[in-house]
1. Summing +1 for each Lys or Arg and -1 for each Asp or Glu, what net charge is found among the other residues whose Cβ lies under 15 Å from the Cβ of Lys142?
2. Classify the stretch 4-188 as rounded, prolate or oblate from the Cα gyration tensor: take a ≥ b ≥ c as the square roots of its eigenvalues, call it rounded if a/c is under 1.5, otherwise prolate when a/b beats b/c and oblate if not.
3. Tell me the net charge near Asn119. Cut-off is 11 Å between Cβ atoms, Asn119 excluded, with +1 for each Lys or Arg and -1 for each Asp or Glu.
4. Quick one: length gained pulling Asp89 to Lys177 fully straight, 0.36 nm per residue minus the C-alpha distance?
5. Using mean Cβ contacts within 10 Å as the protection proxy, how do 109-119, 90-100, 129-139 order, highest first?
6. Assuming R0 = 45 Å, what is the FRET efficiency of Glu39 and Arg256, from their Cβ-Cβ distance, to the nearest 0.05?
7. Hey, fewest Cβ within 10 Å first, where do Leu41, Leu150 land in order?
8. Rounded, prolate or oblate: which fits the stretch 125-228, taking a ≥ b ≥ c as square roots of the Cα gyration tensor eigenvalues, rounded meaning a/c under 1.5, else prolate when a/b beats b/c?
Amino acid sequence: MNFNQITPHVITTAPKTINELTGTDPSETVALTCINLPEALIIVDCGADTEKAKKFRYIMEEHFNKEISHLLLTHAHWDHSDALNVFQDVSVVISKKGATKIKADIKVAESFTIGSKRNEVFFQVSEGHSPDSAFVLYPSDKVLITGDNLLSCYAQVFSNGKIVLDLYRHWESLDVKHIIPGHGFVVDKDYLMNVRAYFEDLISVLKKLESLGLTINQVLKHPDLPEYCYKDHALWEEGGRRHTGWVNSGIKYWYRHV
Ligand SMILES: [Zn+2]
Ligand SMILES: [Zn+2]
């Protein structure tokens with residue numbers, strides 16, 4: 001497990017570079033993050049591996065010399081939340097839609113703030129990747145934790161593309177420096193802007209192809225399609241594993257929605 005201290009108050013299992021990532025399965029690449037506030041010690045996402053979650057919790061409590069007070073869940077997908085049993089004694093926060101999928105004593109919130117003025121952590125439901133998705137923002141350290149609304153070791157996967165694009169534009173307007181995606185390594189605002197620009201290029205090409213009346217199979221092979229900007233970054237072989245095929249899923253999604 002990586003322990004990447006990105007600011008004095010924030011440690012994440014997401015490494016600095018793709019070369020430091022181990023494993024390709026979603027349960028191995030999911031980011032667990034700890035934020036230390038004077039009055040709270042927060043974990044964002046607990047992952048699916050109970051042993052890994054226990055170890056992360058233990059090491060963070062030792063490192064910051066206090067007990068975990070909150071677990072914020074970006075969404076209820078198994079790879080982010082299955083190790084919830086490790087955090088039965090802390091205050092768990094998730095979206096209302098996410099809470100319906102999780103059996104636990106949970107605090108339901110569409111937005112939630114921890115900490116005192118100028119040193120707060122914000123939990124905000126956004127939807128996009130899934131209807132229950134939320135993100136976490138820690139402005140004083142310029143840290144954004146995106147959940148699966150942004151991925152850096154896979155292509156993007158979403159249930160509502162329009163919400164995701166609006167969210168990218170919103171995040172770009174924030175003063176953030178360290179972006180921790182749902183899976184992969186820590187990225188910066190350039191990464192976010194490149195992914196957003198890829199989708200905008202894709203949509204404009206798809207609009208033209210749609211006006212020509214092409215079928216989706218013709219579209220997928222069309223030479224005018226932009227290449228996904230981080231194709232070479234990915235751990236996956238396109239179509240080779242159950243969590244791949246997402247570049248084409250995105251194209252199909254937008255072709256239905258342009
Ligand atoms: Zn995930
Ligand atoms: Zn997910």
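1. Values: positive: Arg118, Lys177, Lys189; negative: Glu120, Asp141, Glu172, Asp175, Asp188, Asp190.
Computed value for this residue: -3.
2. Working: a/c = 1.15, a/b = 1.13, b/c = 1.01.
Judged from the Cα gyration tensor, the stretch 4-188 comes out rounded (a/c under 1.5).
3. Details: positive: Lys117, Arg118; negative: Glu39, Glu120, Asp141.
Here the count lands on -1.
4. Details: separation 88, 0.36 × 88 = 31.68 nm, distance 3.22 nm.
Here the segment from Asp89 to Lys177 would lengthen by 28.5 nm.
5. Numbers: 109-119: 13.4, 90-100: 19.8, 129-139: 23.5.
Final packing ranking: 129-139, 90-100, 109-119.
6. Numbers: r = 47 Å, r/R0 = 1.04.
Given R0 = 45 Å and the Cβ-Cβ separation, E is 0.45.
7. Working: Leu41 21, Leu150 28.
Least to most surrounded, the residues fall as Leu41, Leu150.
8. Values: a/c = 2.39, a/b = 2.11, b/c = 1.13.
Taking the square roots of the gyration eigenvalues as a ≥ b ≥ c, the stretch 125-228 is prolate.
Values in this text are rule-based calculations from the coordinates and carry no lab data. A quick note: this is a predicted structure, and the numbers were derived from the prediction, not measured. Heads up, the Cβs are rebuilt from the backbone with ideal geometry, glycines too, and the neighbour counts pull from every protein chain shown.
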